[in-house]
Amino acid sequence: MQNVISRYHNKTHKMADLSDIAVSETPSEESIARRELYELKRDLEGWREALVTLKDLLTWKKQYYPAIIFGVTTFIFALIWLLQPSVMTTFAVLGLLLTATDFTVPLVGRYIFSYGQWTGTEERQFEDLCEGILHSRILISKFVRGLTRLKQERPTVYFVMLMAMLAFFAWMGSFMNNLFLTYFFVLAVLMIPGLQQKGLLQKYLLQYWLIFKRLAFGDLQTTDKKSN
């Protein structure tokens with residue numbers, strides 16, 4: 001009987017040790033974030049020179065960069081307006097350009113963007129860019145989860161908010177040209193990083209975003225804080 005009891009105690013001790021090891025080997029949020037950052041840097045390795053240059057352009061490192069963004073975007077949409085291609089032709093040409101860019105940039109990017117020697121400064125800029133991409137992905141996922149929770153816990157607010165937004169977009173699309181709306185949207189997206197870098201976006205739009213966030217998700221955030 002004592003042998004049985006001793007074997008039972010040994011077995012329980014081994015199971016406890018294994019559980020401790022399993023808990024200790026559970027990946028933390030920091031390790032998960034590091035792994036995601038490493039995987040993203042590995043996937044974008046061939047694009048690093050082009051992405052660092054593009055980041056400098058979009059964040060307005062030089063004073064004439066906003067003029068370049070505005071000029072190139074306007075030229076492309078003016079060319080589309082003059083040629084008036086069909087929707088299928090437009091998407092086909094866009095696909096051709098993206099495919100050609102995806103093939104050629106990893107091969108000749110380091111020569112075109114004049115990074116003869118990749119230094120620690122450029123590596124840090126590339127890492128900051130990857131962190132920004134991951135942060136944007138997290139913000140989008142949080143926004144989607146917030147809308148899902150809003151639909152479940154406050155369906156009336158969700159319904160009114162969504163209907164108002166869709167009605168506003170339908171009203172805008174009824175009297176504005178589709179190409180002009182696309183041009184305005186693309187130009188706004190390209191200008192956002194520079195406006196954010198200069199602090200203009202936070203200065204003029206942050207207060208309106210906080211009001212909208214408080215009206216739509218205020219109760220949900222307070223319940224999260226209480227639950228935590």
**Asked** In the stretch 58-71, how many residues are in a helix (DSSP H, G or I), open to solvent by less than 80 Å² (accessible area, probe 1.4 Å) and out of contact with any Phe, Trp or Tyr (no Cβ under 6 Å at 6 or more places or on another chain)?
**Response** 6
**Asked** Are any residues in the stretch 167-177 surrounded by 10 or more Cβ atoms within 10 Å (Cβ to Cβ) and within 30 Å of A78 (Cβ to Cβ), and if so, which ones?
**Response** F168, F169, W171, M172, G173, M176, N177
**Message:** Could you check the stretch 161-189 and list, in sequence order, the residues that are assigned to a helix (DSSP H, G or I) and under 20 Å from F91 (Cα atoms)?
**Reply:** N178, L179, F180, L181, T182, Y183, F184, F185, V186, L187, V189
**Every residue from the stretch 157-182 that is in contact (Cβ under 8 Å) with a residue 12 or more places away in the chain and not β-branched (V, I, T)** = M161, L179
**Item:** Single match in L82, L40 (criterion: at pLDDT 85 or above and surrounded by 11 or more Cβ atoms within 10 Å (Cβ to Cβ))
**Value:** L40
**Item:** Condition met for G132 (at pLDDT below 85, open to solvent by less than 60 Å² (accessible area, probe 1.4 Å) and assigned to a helix (DSSP H, G or I))
**Value:** no
**Message:** One residue is enough: does the stretch 203-221 have a residue meeting the conditions under 29 Å from I76 (Cβ atoms) and either modelled with pLDDT of 85 or more or in a helix (DSSP H, G or I) (or both)?
**Reply:** yes
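The values are calculated or read from the model by the stated rules, or taken from the named source; none is laboratory data. Source: prediction; values computed, not measured. Backbone-built Cβ (ideal geometry, glycine too); neighbour counts: all protein chains shown. Note: areas computed on protein heavy atoms with side chains; ligands, DNA, RNA excluded. Shrake-Rupley method; radii C 1.70, N 1.55, O 1.52, S 1.80 Å.
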